[in-house]
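S.K.: Below: one structure in structure tokens.
The values are calculated or read from the model by the stated rules, or taken from the named source; none is laboratory data. Nothing here was measured: the structure is a model prediction, and the numbers come from that model. Cβ coordinates were reconstructed from backbone atoms using ideal geometry, including for glycine residues, and neighbour counts include every protein chain displayed. Surface accessibility is based on the protein's heavy atoms, side chains included, excluding ligands, DNA and RNA. Shrake-Rupley method; radii C 1.70, N 1.55, O 1.52, S 1.80 Å.
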Amino acid sequence: MTTKVHLACDGKSRPLAILVTPGQRHDSICARTLLERIRVPRTGLGRPRCRPAHVIADKAYS
């Protein structure tokens, strides 16, 4: 049995969200779930941001 760790990071390599799935799960299936877990706290009042302005991803499979 294997596992995969999916990690969303900001531009300074700080983790924003993490998701652990079975090893046979394809990366593209988990992308939406991982992006929905992102919560960036605001300074001051207001709800945390959850929609990134830009998304950059690596190519998981050729």
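S.K.: How many residues does region 1-48 hold that are free of Cβ contacts under 8 Å to residues at least 24 places away in the same chain, assigned to a helix (DSSP H, G or I) and either β-branched (Val, Ile, Thr) or open to solvent by less than 60 Å² (accessible area, probe 1.4 Å) (or both)?
M.R.: Selection size over region 1-48: 2.
S.K.: Would you point out the residue of region 49-58, among those that are in a loop (DSSP other than H, G, I, E, B) and farther than 16 Å from His6 by Cβ, that is least open to solvent (accessible area, probe 1.4 Å)?
M.R.: Cys50
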